1. If you check residue 177 against the conditions, is it among the small types (Gly, Ala, Ser), touching a strand residue (DSSP E or B) at 6+ places or on another chain (Cβ under 8 Å) and more than 18 Å from residue 427 (Cα to Cα)?
2. Out of (1) crowded, with 24+ Cβ neighbours inside 10 Å; (2) at pLDDT below 80; (3) under 24 Å from residue 422 (Cβ atoms), the odd one out for residue 48 is which?
3. Anything in region 397-429 that is without any contact (Cβ under 8 Å) to a residue 60 or more places away in the chain and in contact with a strand residue (DSSP E or B) (Cβ under 7 Å, 6 or more places away or on another chain)? List them, or say none.
4. Mind telling me which of the residues 394, 381 ends up being modelled with pLDDT of 95 or more and either more than 20 Å from the chain's Cα centre (by Cα) or among the aliphatic types (A, V, I, L, M) (or both)?
5. Inside region 244-285, can you point out the residues that are in a loop (DSSP other than H, G, I, E, B), surrounded by fewer than 21 Cβ atoms within 10 Å (Cβ to Cβ) and either not hydrophobic (A, V, I, L, M, F, W, C) or not assigned by TED's automatic domain parsing to the domain that holds residue 339 (or both)?
6. Give the residue, chosen from 184, 170, 209, that is free of Cβ contacts under 8 Å to residues at least 40 places away in the same chain, within 17 Å of residue 364 (Cβ to Cβ) and acidic (Asp, Glu).
7. Go through region 77-91 and give me each residue that's exposed (fewer than 14 other Cβ atoms within 10 Å of the Cβ) and either closer than 17 Å to residue 60 by Cβ or within 32 Å of the chain's Cα centre (by Cα) (or both).
8. Could you please let me know if residue 375 is more than 27 Å from residue 222 (Cα to Cα) and either hydroxyl-bearing (Ser, Thr, Tyr) or modelled with pLDDT under 95 (or both)?
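The values are calculated or read from the model by the stated rules, or taken from the named source; none is laboratory data. Computed from a predicted structure; not experimentally measured. Cβ sites come from the backbone with ideal geometry, for glycine too, and all protein chains shown count toward neighbours.
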Amino acid sequence: MRVAQITPGSGDSFYCENCLRDAALVTAMRNLDHDVLMIPLYLPLQADKSRPVSSAPVFFGGINVYLQQKSAIFRKTPRWFDRLLDSPKLLSWVARKASMTSAKELGESTISVLRGEEGRQTKELNRLIEWLRLPENKPDIVCLSNVLLAGLTRSFKKALKVPVVCLLQDEDGFLDGLGSPYADTAWEILAERAKDVDAFLAVSKYYADRMRQRLRLQQETVHVVYTGIPLDGYSASNARPQTPTIGFLSRMCSERGLDTLADAFAILKKNEKLKDTRLRIAGGKRRDDESFIDQIRNRLGTAGVVGDVEFLEDFDHAARVAFLQDLSLLSVPEKQPVAYGLYVLEALAVGVPVVEPAIGVFPELLEVTGGGVLYETNDAPSLASAMEQLLLDPDRSVQLGRRGRDAVVEHFNIEKTAAQMMRIYEEMR
């Protein structure tokens, strides 16, 4: 079966869970002898930096999408001109400088792309369809990485005569972040455009229920397929670090709770038994995160603990594994509910337990894996208390890490995820 996997890129400046997940899925499906096209939209794929998975050009290039939104002139420019603006190097540079993935800056363009053939980027849509109609590219099924692409479905089905499926993975945060009036408009358009999609594949039971409600989806159209990770390269450390070490792996921003963790770390350091504890932070940033990170450094400095904190630059696969193996525990104290939390699976894959707020997918994920602890009140004192209990009980920490790793191997292997998804695809042909 030939699958067209269409995935928005994020450039390479921060830890993009959706990009990493989709790249891993494509690789796993290819290992099952399926022909899978990985097609990037907007920006180059982060995964292509170290593990190339796409040989397709970038479609809906972020610069062209922006210019076509702003001026009718750019909706008529020749392809040679558009191609210059779709240069992967240029797109990556602009993404780092202009924060093209920031929701609040993308309201009008998001609405336009959601409208599909009725939007202002029809030139980009037609170009993608023409490429997919070529005999060497024609798919048996199209998979959209997230529901923000649902506006393309109607045109795909009309031109290609194939089923279209859509993954559901944390789109609600982006949409709600658009603010008024864009958020309400986007949800209304999506509820209508979602009717064109043949099936939805949600990354957790929590998120399946949430999106059924928000998009008014039929029960039978939504399937739950847990996110998996490729287990090659993830080996459990034989021993926890001698110095208690807390890790954070995600984009360095307030939404991911880095400020909550910094405050909790300062509280934790007041315990004489944990005075040597370290905090290591990885996951990259966008340009608009830099002032926030400066504030965190100043806050840690005021608390007198900045000398025990590291901000790490690298977060490719090898760097992430090495980073995780040097931790006593991982915590990404998300401020809003999330759909799956890839960093939890990565930490558990090397036997590192997690401490997470009891929101979103985390209760479901830790019930399945048994690889960590939850705290009820999502604030710094509660997080500090939960981490303290685990750090002062290393035997329990090791036990949770081992239990979590066993569960990831059994339930969250990307090969299993890919096989389950392919079974659903086959049923739709």
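1. Taking the combined requirement at face value, the residue does not satisfy it.
2. Going through (1) crowded, with 24+ Cβ neighbours inside 10 Å; (2) at pLDDT below 80; (3) under 24 Å from residue 422 (Cβ atoms) one by one, residue 48 breaks only (1).
3. 400, 404, listed by residue number.
4. One residue alone meets the criteria, 381.
5. Within region 244-285, 254, 255, 269, 270, 271, 275, 276, 277, 285 qualify.
6. Step by step, each of 184, 170, 209 is checked, and only 209 is free of Cβ contacts under 8 Å to residues at least 40 places away in the same chain, within 17 Å of residue 364 (Cβ to Cβ) and acidic (Asp, Glu).
7. Of region 77-91, the ones exposed (fewer than 14 other Cβ atoms within 10 Å of the Cβ) are 78-81, 83-84, 89.
Selection gives 79, 81, 83, 84, 89.
8. On the way: more than 27 Å from residue 222 (Cα to Cα): yes; either hydroxyl-bearing (Ser, Thr, Tyr) or modelled with pLDDT under 95 (or both): yes.
The answer is yes for residue 375.
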